[in-house]
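Okay, structure first, notes after.
The values are calculated or read from the model by the stated rules, or taken from the named source; none is laboratory data. Computed from a predicted structure; not experimentally measured. With ideal geometry, Cβ positions are generated from the backbone for all residues, glycine too; neighbour counts draw on all protein chains shown.
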Amino acid sequence: MRNSKITWSIVGGTALALVAGVGVAVAVSRGSGEPASAPASAAPAIDVTPSQSPAPPPGADIKGPLDLVLVGVDTRVSIPGYPPHADTIMLLHVEADLKSAYLYSLPRDLRVEMPAHKPAGFKGGRHKITEAMSRGAAIPGSQKKDVQQGYELLTKTLSAYTGIKTFQGGAILNFGGLDKLVDQLGGIDITVDRTVKSRHRKPDGSMRTLSGGNYIGPQATYQPGERHLEGWQAIDYARQRYGLPNGDYDRQRHHRQLVEAILDKALAQDMSDPVKLGAVINTLGDTLVYVGGRTPFEYAYALRDLTPDGITTVGLPGDGVTSGGRYLGEQLKSEGEGFIKAVAAGTHVKYLADHPKLVDK
């Protein structure tokens, strides 16, 4: 029987890593706890004597439903003082039985109202949701940035927009984490649904030349069909939106597709050993940060029965917003807004039954 414990810790903190559109991918399938750079270890051993019953495994008390945030940040988050931008935002709603879930994306340029955030000196206003991390991460009077402080403003903004009052956990992964994760898993297998040309990479994986604001030179190309992708290819494929019929919305769909591919690969491997899980997480180093109140191992246990077959991926259609011919950002169409409201109200299953085209094929 496949063990999904390790899978979700990997996918949670990594699989979504692919999901990142321009930078990275993040996953929250396991909630939070120690940063990935901290030594990972198995759950503590329990001293059981004949006179007492074994204590429940860590995470056994976690109950559903859960709402988790998966964030991919701009690659330049590694540059000291560079404001982190949430280039990929995915939400995972796990049902009360912890055996089924719904994964959906929000456009990075979605126009939303952001509440004031006192720690950053931010007074609030209407902006693109990708800016929530950077605006919230500001430290008044300093050039330094606090990523977790930015995450706080992002989740406050998400709650105000979606109506979901509480997000139980999340994870943030930057660009460098994806290559490491996919390569650690031995690459992933994915069905490429349309020709995708890379804006950033050459066929050999090296970077294309940037000249006058445009990339020049031979392009890596991903042709339709069953493909095996190594680390750099997976993140490169996931980043592309230029040249695709629906731009960022096609990229979001590819992100969700990649998350499932990573989860499938992780589940197919013998990774039920917490030590192996810890090794994978440690490989990511400081490219991965968990946020929330529980450790990855606790969420791994709680979500042990959640497999790819139990995850429904949902695409939310949207439109561009303009004023005087100037592009301001994106807004979801009524069907997409309706799904988000249904998740908050607990009526999403019926809503998707009435709007089946929202489900990714």
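From the list K180, K128, K118, K123, the one residue that fits, being surrounded by fewer than 20 Cβ atoms within 10 Å (Cβ to Cβ) and modelled with pLDDT under 95, is K180.
Criterion applied to G320, G338 was being surrounded by fewer than 15 Cβ atoms within 10 Å (Cβ to Cβ) and either aromatic (F, W, Y) or farther than 13 Å from Y102 by Cβ (or both), and the one residue passing it is G320. Taken over the range 138-152, the criterion of being over 12 Å from G121 (Cα atoms) and loosely packed, with under 10 Cβ neighbours inside 10 Å is satisfied by Q143 alone.
Considering the conditions (1) of a type outside the set (K, R); (2) free of Cβ contacts under 8 Å to residues at least 24 places away in the same chain; (3) more than 29 Å from G64 (Cβ to Cβ), S159 is excluded by exactly one of them, (3).
In the range 336-360, the residues that are under 19 Å from M90 (Cα atoms) reach residues that are surrounded by 15 or more Cβ atoms within 10 Å (Cβ to Cβ) and among the hydroxyl-bearing types (S, T, Y) with C-beta atoms within less than 6 angstrom, at least six apart or across chains, in these pairs: F339/Y351; I340/T162; A342/Y351; A344/T162; D360/T313. State yes or no: is G150 under 25 Å from A238 (Cα atoms) and out of contact with any Ser or Thr (no Cβ under 8 Å at 6 or more places or on another chain)? No, not satisfied. Taking the conditions (1) at pLDDT 80 or above; (2) closer than 19 Å to L181 by Cβ; (3) of a type in the set (S, T, N, Q) in turn, S206 satisfies each one other than (2). Those strands (runs of 3 or more DSSP E) of the range 154-269 in which 3 or more residues are over 28 Å from F339 (Cβ atoms) occupy 209-211, 214-216, 225-229. For the range 307-335, which positions are farther than 18 Å from D67 by Cα, in contact with a Leu (Cβ under 9 Å, 6 or more places away or on another chain) and touching a residue at least 24 places away in the same chain (Cβ under 8 Å)? The answer is P317, G318, V321, G329, E330, Q331, L332. Would a scan of the range 246-261 turn up a residue that is touching a helix residue (DSSP H, G or I) at 6+ places or on another chain (Cβ under 9 Å) and farther than 17 Å from D360 by Cα? The answer is no; no qualifying residue exists. Among the residues making up the range 293-305, those that are farther than 14 Å from L68 by Cα and in a loop (DSSP other than H, G, I, E, B) are R304, D305.
The single residue among S159, S134, S105 that is under 30 Å from Q331 (Cα atoms), modelled with pLDDT of 95 or more and among the polar types (S, T, N, Q) turns out to be S159.
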